[in-house]
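Presented below is the structure to which this report refers.
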Amino acid sequence: MKYHNRKIVLDGIRFDSAKEARRWTELKLLERAGEISNLQRQVKFEVIPKCGKERSVTYIADFVYQEKGNTVVEDVKGVRTKEYILKRKLMNWVHDIQIKEI
């Protein structure tokens, strides 16, 4: 149990925390209302490519969707680990994407 979060199953989907499951419910309502579109979860972005025998480094976004013609990348955060902060900076530098933290 990482950071005291309990895995939650909602609508047959497994979430890392109750907070993430609640946000999914909110986003689904926004999508049904036409406020957002193309809602996806657990979207993988490469932030450092594979080098020799080393594996690539990836960031997995909790949610990605379209809002008013813009792509929004969201991460539901309880704890901002050093690894997350580094990957957040890499997402900005490599992909010019600012992660929206919830």
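Okay, here's what the table says:
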item: Qualifying residue in the stretch 18-35 (condition: surrounded by 11 or more Cβ atoms within 10 Å (Cβ to Cβ), in contact with a strand residue (DSSP E or B) (Cβ under 7 Å, 6 or more places away or on another chain), farther than 26 Å from TRP93 by Cα and among the small types (Gly, Ala, Ser)); result: yes
item: Residue list for the stretch 87-100, filter: closer than 25 Å to SER37 by Cα and either among the aromatic types (Phe, Trp, Tyr) or surrounded by 12 or more Cβ atoms within 10 Å (Cβ to Cβ) (or both); result: ARG88, MET91, ASN92, VAL94, HIS95, ILE97, ILE99, LYS100
item: Output for the stretch 87-102, where each listed residue is in a helix (DSSP H, G or I) and not basic (Lys, Arg); result: LEU90, MET91, ASN92, TRP93, VAL94, HIS95
item: Matching residues, the stretch 1-13, being loosely packed, with under 11 Cβ neighbours inside 10 Å and either among the charged types (D, E, K, R) or under 15 Å from GLU101 (Cα atoms) (or both); result: LYS2, ARG6, ASP11
item: Flag if TYR84 is on the phi < 0 side of the Ramachandran plot, surrounded by 12 or more Cβ atoms within 10 Å (Cβ to Cβ) and assigned to a strand (DSSP E or B); result: no
item: Those residues of the stretch 1-59 which are of a type in the set (Asp, Glu) and assigned to a loop (DSSP other than H, G, I, E, B), in sequence order; result: ASP11, ASP16, GLU35
item: Hey, LEU86 free of Cβ contacts under 8 Å to residues at least 60 places away in the same chain and in contact with a helix residue (DSSP H, G or I) (Cβ under 9 Å, 6 or more places away or on another chain) or not; result: no
item: Failed item, numbered, when PRO49 is tested on (1) buried (at least 16 other Cβ atoms within 10 Å of the Cβ); (2) without any contact (Cβ under 8 Å) to a residue 24 or more places away in the chain; result: (1)
item: Candidates PHE63, PHE15, filtered to the one that is touching a strand residue (DSSP E or B) at 6+ places or on another chain (Cβ under 8 Å), modelled with pLDDT of 95 or more and not acidic (Asp, Glu); result: PHE63
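The values are calculated or read from the model by the stated rules, or taken from the named source; none is laboratory data. Since the structure is predicted, the reported quantities are computational estimates derived from the model, not experimental observations. We place every Cβ from the backbone using ideal geometry, glycine too, and count neighbours over all the protein chains shown.
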